[in-house]
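Since the structure comes first, as C-alpha cells, the remarks are kept for the end.
The values are calculated or read from the model by the stated rules, or taken from the named source; none is laboratory data. Everything numeric in this text was worked out from a predicted model, so none of it was measured. Here the Cβ is made from the backbone with ideal geometry for all residues, glycine too, and neighbour counts use every protein chain on show.
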Amino acid sequence: MKRILLLLLITAFTFSCGSKKKTFTALNTGNYDQAINTSLSKLRTNKNKKGKQDYILILEEAFVKAVERDLNAITFLEKEGNPANLERMYNCYNTLKKRQERIRPLLPLYHVEQGRTVNFSFDNYDQRILDTKEKLSTYLYNSAKSLLANAKRKTDYRDVYNDLIYLNKISPNYKNTNDLIEEAHYKGTDFVKVAMKNRTNVIIPRRLEDDLLNFSTYGLNDLWTVYHNEPQRSIKYDYLMEVSFREINISPEQIRERQLEKEKLIKDGWEYLLDENDDFVLDEDGKKIKVDKMVTVRCEYYEFIQFKEAQVVGNVQYKNLNTKQLLDAFPLSSTYVFEHVYANYNGDKRALDTDLTRYLGLQAIQFPTNEQMVYDSGEDLKNKLKGIITRYRFK
C-alpha cells in the first residue's frame, strides 16, 4: 500500500513539474495567453497552496507582457492610419478587456514567499472599444456599399455578404445593413432551374416526378445555391440541372419454383428401455428406465418465389445558361426488386428447418403494376440524386 501511495505521489509530482515547465516555456517564448490560461486553470482551486505559488508569478509576468504587446500593436496600427486595421484594433481592445475579466475573480493573489499581494494594473477599455467599433462599423458599411455597387462576380457579392454579417454581429441593425445583406445574398446566389426529361417509352408516375423534384425534402443546406423546379419569371437563372431518364426496363412477372425432400431423426415421446430379451431394464431402485423415442420423419417441401424487377437508367446534366455549355454529367440509375416467397408441404413438417417453415401458410399475392414498380424505385433514385446535388459545386 505504501509503495502504491509513493508511486502516486511521484506521478503527481512529475506531472506537476511537467505542467509548470510547459507554462514557463510558453511565457519565455512569447505565448503569453497560453501561460495565462494554464496559470488561471491551476489557480481556480486552492490558489494559496504552496505548489501553486509559481503560477501566481507566471500569471503576473505574462499579464504585463501580454498587455504591453497588445497596446504596442494598437499604437502601431493607429500610426499606420489604414482603416482596414480597425478590425484588428477592435479585436485587440476586446482581448485586453476579456483578459482582465478572467483574472479578476481570482483576486487577491498573495505570494507567501515574497510576502506580497500581486498587483495587476487593470484599465477600463470600454470607451476605446466603443469608439473603435463605431469607426469600424462606418468603414465596413461604406466599404460594403461601394463593393455592392461595383461587384462583377457572384464571389464578390459573397465577400460583401460576409463583411455585412460581421458588421451586423458587432453592430446589430446598423443603418440599413439588413437590407444590404439581403441584396448581397440574392446577387451572390446561384439560381438553378430544374427540368425532368423522359426519353423512354414508359410513362413515369406523376407522383414520382413530384417526389424527385420536391427539393424541400432533400434537407439541402447550401447558402449560395437555390433549386427551382417551377421557374419564376422574376429570376434570371444561371444554370440548368436536367434529370433525364433514358431507359426503364421492367421484367415479366415470374414465379420460380423449387422442390425439396427433407428427412430428419426427431424425438417423438418416450418408451421403456428393453434388453436383448425384450425385458425391461431397471435402475438401481428397481424402476423401469425411460428413454427418448426417436423416429425418422419425411416431408416434401414446395416453394414458390414471385419475382419482378424494374431498372431505371438516366443521367443528371448541369448546363451553364449564360454560355450554353455543358458543365458536367453524372449517371443516375436504380434497380427495384419485388420478391414474395410462399410455400406448402406434403408429409411431416417436423422434418423442415426453421428457415423453411416461415414461408408455410403464406399465399400468393398480386404482382405490383409497372407504374408501382417504377415508383418504388424512387426512394433510391432520390437518395442518389441528393448525393449528386450535395457534392456538386458550381465554379
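This table checks each residue for (1) assigned by TED's automatic domain parsing to the domain that holds Ala35; (2) at pLDDT 95 or above; (3) not in a helix (DSSP H, G or I).
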| position | (1), (2), (3) |
| --- | --- |
| Ala84 | yes, no, no |
| Met89 | yes, yes, no |
| Lys97 | yes, yes, no |
| Glu101 | yes, yes, no |
| Ala149 | no, no, no |
Only one of Lys267, Lys197, Lys308 is assigned to a strand (DSSP E or B) and at pLDDT below 90; which?
Lys267
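Right, Val313: of a type outside the set (S, T, N, Q), in contact with a Leu (Cβ under 9 Å, 6 or more places away or on another chain), in the same structural domain as Ala364 (by TED's automatic domain parsing) and closer than 30 Å to Lys395 by Cβ or not? Don't jump to the end; show me each part of the working.
Numbers: of a type outside the set (S, T, N, Q): yes; in contact with a Leu (Cβ under 9 Å, 6 or more places away or on another chain): yes; in the same structural domain as Ala364 (by TED's automatic domain parsing): yes; closer than 30 Å to Lys395 by Cβ: yes.
So Val313 fits the description; yes.
The rows are residues; the columns are (1) touching a residue at least 60 places away in the same chain (Cβ under 8 Å); (2) among the acidic types (Asp, Glu); (3) not assigned by TED's automatic domain parsing to the domain that holds Gln366.
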position: Leu220; (1), (2), (3): yes, no, no
position: Thr225; (1), (2), (3): yes, no, no
position: Lys236; (1), (2), (3): no, no, no
position: Glu247; (1), (2), (3): yes, yes, no
position: Ile250; (1), (2), (3): yes, no, no
position: Trp270; (1), (2), (3): no, no, no
position: Asn277; (1), (2), (3): no, no, no
For the stretch 214-231, name all the residues that are surrounded by 13 or more Cβ atoms within 10 Å (Cβ to Cβ) and polar (S, T, N, Q).
Thr225, Asn229
Checked against (1) touching a strand residue (DSSP E or B) at 6+ places or on another chain (Cβ under 7 Å); (2) surrounded by 16 or more Cβ atoms within 10 Å (Cβ to Cβ), Glu339 satisfies every condition except (2)
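Is there a residue being surrounded by 14 or more Cβ atoms within 10 Å (Cβ to Cβ), more than 36 Å from the chain's Cα centre (by Cα) and modelled with pLDDT of 85 or more anywhere in the stretch 232-250? Can you show your working first?
First, pick out the residues of the stretch 232-250 that are surrounded by 14 or more Cβ atoms within 10 Å (Cβ to Cβ): 237-246, 248, 250.
Now drop any that are not more than 36 Å from the chain's Cα centre (by Cα), which leaves 250.
Okay, now just the ones that are also modelled with pLDDT of 85 or more, so 250.
Yes, the stretch 232-250 contains a residue that is surrounded by 14 or more Cβ atoms within 10 Å (Cβ to Cβ), more than 36 Å from the chain's Cα centre (by Cα) and modelled with pLDDT of 85 or more.
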Given the criteria loosely packed, with under 13 Cβ neighbours inside 10 Å and either in the same structural domain as Met89 (by TED's automatic domain parsing) or modelled with pLDDT of 95 or more (or both), does Asn173 qualify?
no
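Rundown of residues vs (1) under 34 Å from the mean Cα position of the chain (by Cα); (2) closer than 19 Å to Pro83 by Cα; (3) surrounded by fewer than 16 Cβ atoms within 10 Å (Cβ to Cβ), yes/no style:
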position: Ser146; (1), (2), (3): no, yes, yes
position: Asp163; (1), (2), (3): yes, yes, no
position: Glu183; (1), (2), (3): yes, no, no
position: Asp190; (1), (2), (3): yes, no, yes
position: Val194; (1), (2), (3): yes, no, no
position: Leu212; (1), (2), (3): yes, no, no
I need every pair where a residue in the stretch 185-199 that is more than 20 Å from Tyr392 (Cβ to Cβ) and of a type outside the set (Lys, Arg) has its Cβ under 9 Å from the Cβ of a residue that is in a strand (DSSP E or B) and at pLDDT below 90, sequence separation at least 6 or different chains.
none
Inter-residue pairs, beta-carbon under 6 Å, first closer than 22 Å to Asn344 by Cβ and in the stretch 290-301, second assigned to a strand (DSSP E or B) and polar (S, T, N, Q), 6+ apart
Glu300/Asn346
Residues satisfying the stated conditions in the stretch 45-56, i.e. in contact (Cβ under 8 Å) with a residue 12 or more places away in the chain, touching a helix residue (DSSP H, G or I) at 6+ places or on another chain (Cβ under 9 Å) and surrounded by 14 or more Cβ atoms within 10 Å (Cβ to Cβ):
Lys47, Asp54, Tyr55, Ile56
Is there any pair with a first residue in the stretch 67-96 that is touching a residue at least 40 places away in the same chain (Cβ under 8 Å) and within 22 Å of Ser121 (Cα to Cα) and a second that is surrounded by 15 or more Cβ atoms within 10 Å (Cβ to Cβ) and among the basic types (Lys, Arg) whose Cβ atoms are under 6 Å apart and which are 6 or more apart or on different chains, and what are they?
Tyr90/Lys133
When every residue in the stretch 262-294 that is under 30 Å from Gly361 (Cα atoms) and surrounded by 13 or more Cβ atoms within 10 Å (Cβ to Cβ) is compared, the one farthest from the chain's Cα centre (by Cα) is Asp268
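Can you report the number of residues in the stretch 343-355 which are of a type outside the set (D, E, K, R), more than 42 Å from the chain's Cα centre (by Cα) and assigned to a helix (DSSP H, G or I)? Full working, then the answer.
In the first step, residues of the stretch 343-355 are kept if they are of a type outside the set (D, E, K, R); the result is 343-347, 351-352, 354.
Next cut, more than 42 Å from the chain's Cα centre (by Cα) only: 343-347, 351-352.
Narrowing the set further to residues that are assigned to a helix (DSSP H, G or I) leaves 351.
Number satisfying all stated conditions: 1.
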Before we move on, is Leu107 surrounded by fewer than 17 Cβ atoms within 10 Å (Cβ to Cβ), among the aliphatic types (A, V, I, L, M) and more than 18 Å from Asn119 (Cα to Cα)?
no
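Only residues that are in a helix (DSSP H, G or I) and in contact with a Leu (Cβ under 6 Å, 6 or more places away or on another chain): list them for the stretch 103-128, please. Before the answer, list the steps.
Residues of the stretch 103-128 in a helix (DSSP H, G or I): 103-106, 126-128.
Hit for the stretch 103-128 is Leu106, nothing else.
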